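Here is the structure we will look at, set down as structure tokens.
The values are calculated or read from the model by the stated rules, or taken from the named source; none is laboratory data. Only a predicted model underlies this, so the values are computations on that prediction, with no experimental measurement involved. Positions of Cβ are generated from backbone atoms using ideal geometry, with glycine treated the same way; all protein chains shown enter the neighbour counts.
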């Protein structure tokens, strides 16, 4: 057995590197059940050690059904879409995935996490904004939203839209190039603390909440494993919620007190 | 009385100019085998460029046999401020050899191997893809790497990681498609410092495709920025702290910084825009955008910041950079302090690192790229630095250094002029004049 393993290792290492036989980790650990995820700071990101809350929940839900999985965060929606449509990936994760009606027919969408979202404004520009839940208040103003977000409701309300990465939207808010931005509360709190700590007091969250960002997995029906794993994942997720482990995972990332502040419960 | 008032008001309003630690006096050129008379040709060359308003100012330093034989300042550093020998200069890509040296220090400490895949230290580099255009010209596909990007690939620019600004000059579909992805993902060349850590940027970059298969390309890019973050991961220290502790402090480069402290800000030279036809203007505090090139010379006035790029971050002086170059010329040692071994410097300056590619980006055929700089391999081409084995690199605001191991000669030119591409003739002439001053 030892000899066999040595031969295998020798064979796979030959073409690895010019400097000598090297067994690269990529050659020995091809991703199992790889799911491509759109970066969503604070909850799903390559910048967080374990990939973030959403990645941990997905991995654990699969694990409950004895299924291994690999979450690969990507920084761009175009790349995530590429893997779904061009590489026939098992699935993709994110919110505002911007899938076409044809693409929607070929996926099984499973919500994983619901985050509270709000509008934020820059106090030096506006003392307050009369937001009561109706977009008409923002008529003729410019709202910064996520790339890929459906903007038809804004357009109907006569609201101008800028779609950019979060850091760029925050900078635009501070530079008074946009008037309001919409983002998940947790993501915004994290971004302000990390990169805009000097401006935290100037960026104000509007009440009531703007809605919610739902992070979902889109299982690909065209992938041979897509439908089966979607079912197993749903079962695993239901067990995770029922056992309380789902909430425990969230608590372990952000603390018990913050769960209600940032999340909407996911139904069993 | 009026004179006293003027003098007093000057004392009150002019910020104190903290001068550099003493720079050693230049030696007689003849004592190191250089001709004083012939070096005067350099004065004339530089003065003509100032008079004709091709550049605002510059420092020129020539050393031989471990001694500085010529060190002169020409023209202006800023409005109403003459260039001085201790003027602080954005050395931009001349930061790269410093970053490479930092990597080689860790290599000598046994903390990494050049053959290590980068993913060993930065997991986001695992399972990378390479962009390939579809044969019908519509869209691209992503194919797996044949081998993972290694530390050596980064040091030699064989990683397939690009600079966005070169998209202005090289027009290919793959490059365009990849730079579009860079733009969407907020990948910065670092010439305008983003408000994030280098680690955040590098982790995003790692998830984007490569331009070509690692090892099968030579393309100048953000590889040194990745190395800066890799140094943080391997050493457990902030990149700037590692460089200060292991390079700037031991080499007594007391005027070299990632962010210049407030007491030395007055010494920072301004960047000047020149068409080399007599139109010379000082740049202001607005970003200069030209296609995929974004420059923010005013970033140098920040006294602190998060972004620490291994590609272009360092601000230094001609004398400090001379000390760094002399360490390399001495094969790793300066004034009794050894940073690298002779064997490692030999490896860094070996000419067989990039296979059949030539380092034509700043030089020509007949030039190769080692672990941090271009190296002249033969003398049969248009760009000639005077000897086989000469190693050099440059910075985007028209700065240069050249080390000639055979003649034990170092030539440094530091201006702050944009655009970059117009100073090549002046630099080539400087090298000819410094070489032709050799009389032994």
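Miscellaneous remarks
- Looking at B:112, B:106, just one residue is part of a loop (DSSP other than H, G, I, E, B) and over 24 Å from residue B:57 (Cβ atoms), and that residue is B:112.
- Residue B:253 being away from every other protein chain (no Cβ under 14 Å), free of Cβ contacts under 8 Å to residues at least 24 places away in the same chain and assigned to a loop (DSSP other than H, G, I, E, B): no
- Residue check, residue B:111 within 22 Å of residue B:324 (Cβ to Cβ), surrounded by fewer than 20 Cβ atoms within 10 Å (Cβ to Cβ) and either touching a helix residue (DSSP H, G or I) at 6+ places or on another chain (Cβ under 8 Å) or facing chain A (nearest Cβ under 10 Å) (or both): yes
- Residue match in the stretch A:121-137 (condition: under 22 Å from the mean Cα position of the chain (by Cα) and either closer than 20 Å to residue A:75 by Cα or crowded, with 20+ Cβ neighbours inside 10 Å (or both)): no
- Qualifying residue in the stretch A:167-174 (condition: part of a helix (DSSP H, G or I), in contact (Cβ under 8 Å) with a residue 40 or more places away in the chain and touching a helix residue (DSSP H, G or I) at 6+ places or on another chain (Cβ under 8 Å)): yes
- Scanning the stretch B:386-440 for residues being closer than 29 Å to residue B:279 by Cβ, outside any loop (DSSP other than H, G, I, E, B) and either modelled with pLDDT of 95 or more or more than 13 Å from the chain's Cα centre (by Cα) (or both) gives a total of 29.
- Qualifying residue in the stretch A:205-216 (condition: touching a strand residue (DSSP E or B) at 6+ places or on another chain (Cβ under 9 Å) and farther than 19 Å from residue A:115 by Cα): no
- From the options B:162, B:166, B:155, residue that is more than 14 Å from every other protein chain (Cβ to nearest Cβ) and surrounded by 18 or more Cβ atoms within 10 Å (Cβ to Cβ): B:162
- If you go through the stretch A:161-193 and pick out every residue that is farther than 13 Å from residue A:115 by Cβ, under 14 Å from the mean Cα position of the chain (by Cα) and away from chain B (no Cβ under 13 Å), you end up with 0.
- In the stretch A:71-101, the residues that are touching a residue at least 12 places away in the same chain (Cβ under 8 Å), crowded, with 21+ Cβ neighbours inside 10 Å and within 13 Å of chain B (Cβ to nearest Cβ): A:71, A:72, A:73, A:74, A:75, A:76, A:79, A:80, A:81, A:83, A:84, A:89
- Residue that is closer than 30 Å to residue B:144 by Cβ, surrounded by 17 or more Cβ atoms within 10 Å (Cβ to Cβ) and modelled with pLDDT of 95 or more, where the choices are B:86, B:116: B:116
- Residues in the stretch B:177-213 that are farther than 23 Å from residue B:285 by Cβ and away from chain A (no Cβ under 14 Å): B:211, B:212.
- Those residues of the stretch B:18-36 which are part of a loop (DSSP other than H, G, I, E, B) and either more than 22 Å from residue B:263 (Cα to Cα) or at pLDDT 85 or above (or both), in sequence order: B:24, B:25, B:26, B:27, B:28, B:33, B:35
- Any helices (runs of 4 or more DSSP H) falling wholly within the stretch B:133-250 and containing at least 2 residues that are modelled with pLDDT under 95, farther than 17 Å from residue B:292 by Cα and outside the structural domain of residue B:420 (by TED's automatic domain parsing): B:198-206
To keep it simple, each residue is scored yes or no on (1) part of a helix (DSSP H, G or I); (2) in the same structural domain as residue A:47 (by TED's automatic domain parsing); (3) within 30 Å of residue A:125 (Cα to Cα).
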{"position": "A:178", "(1), (2), (3)": "no, no, yes"}
{"position": "A:181", "(1), (2), (3)": "no, no, yes"}
{"position": "A:191", "(1), (2), (3)": "yes, no, yes"}
{"position": "A:201", "(1), (2), (3)": "yes, no, yes"}
{"position": "A:207", "(1), (2), (3)": "no, no, yes"}
{"position": "A:219", "(1), (2), (3)": "no, yes, no"}
{"position": "A:237", "(1), (2), (3)": "yes, yes, no"}
{"position": "A:253", "(1), (2), (3)": "yes, yes, no"}
{"position": "A:256", "(1), (2), (3)": "no, yes, no"}
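- Scanning the stretch B:57-72 turns up no residue that is surrounded by fewer than 24 Cβ atoms within 10 Å (Cβ to Cβ), assigned by TED's automatic domain parsing to the domain that holds residue B:302, on the phi < 0 side of the Ramachandran plot and not in a strand (DSSP E or B).
- Verdict on residue A:68 being within 12 Å of another protein chain (Cβ to nearest Cβ) and more than 14 Å from the chain's Cα centre (by Cα): no
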